[in-house]
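Participant: Structure below; questions to follow.
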Amino acid sequence: MSSSPIYYIQLPTLASNNTATLYMYSIIATFAIVHFVHHAVACRSQKNKRLEDNDSMPLLPQDVVKYSQLPKAEGKVFTANSIPRGLLNRHNTQDGTWGVLKILKGSLEYKIALRGNTMRKETENEDDNIIYPTQFVLDPTTRNGIIEPRRFHKVQAASEDLEFIVEFYRLPGTGPVQEKRD
């Protein structure tokens, strides 16, 4: 953790109760206090950011290749009423598999769990105690939702007119695709 810079200011001795001199001292003191508080808040914010996850959308590597999509049938889409339970609950992709949530109509809530959280549900009724610090509401005007390999996430309809698909990508040469789930 970095320490605050120390400022040494050589101030002239107060020979009189000159209003201009007192005003100058108050400006210098205010500057020092504001800088100290700003630095303390910035350091705390950076420390907390390291403990949490980055709140920006992950980036899809440029050289990935699409190998599948859901729903599988061409022209089919998921709607607010047809989202599979597996997508609504905590789940992840396999090693090397990236996902892209493409919203065609309406809006979808996309929640991403903390990095490194690999806890799986033991039963379907088990409470979801995972923290999702990164959340987005996706729609056709926003960028696509990017799903990182092995990163837990879940989705939920944010509008009744929702229509979306999920595309799956892999980097070339990363081995065969294992679509069978754990």
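Participant: When both residues are 6+ apart or on different chains and their Cβ atoms are under 7 Å apart, which pairs have a first residue that lies in the stretch 153-182 and is under 15 Å from Val64 (Cβ atoms), and a second that is surrounded by 13 or more Cβ atoms within 10 Å (Cβ to Cβ) and at pLDDT below 75?
Facilitator: Final answer for the pair search is Arg170/Val177.
Participant: Any chance the stretch 146-156 includes a residue that's under 15 Å from the mean Cα position of the chain (by Cα), modelled with pLDDT under 85, surrounded by 11 or more Cβ atoms within 10 Å (Cβ to Cβ) and in the same structural domain as Gly75 (by TED's automatic domain parsing)?
Facilitator: Checked against the condition, which is being under 15 Å from the mean Cα position of the chain (by Cα), modelled with pLDDT under 85, surrounded by 11 or more Cβ atoms within 10 Å (Cβ to Cβ) and in the same structural domain as Gly75 (by TED's automatic domain parsing), the stretch 146-156 yields no hits at all.
The values are calculated or read from the model by the stated rules, or taken from the named source; none is laboratory data. What you see is a predicted model; the values in this text were computed from it and never measured. Note: ideal-geometry Cβ built from the backbone for every residue, glycine included; neighbour counts use all protein chains shown.
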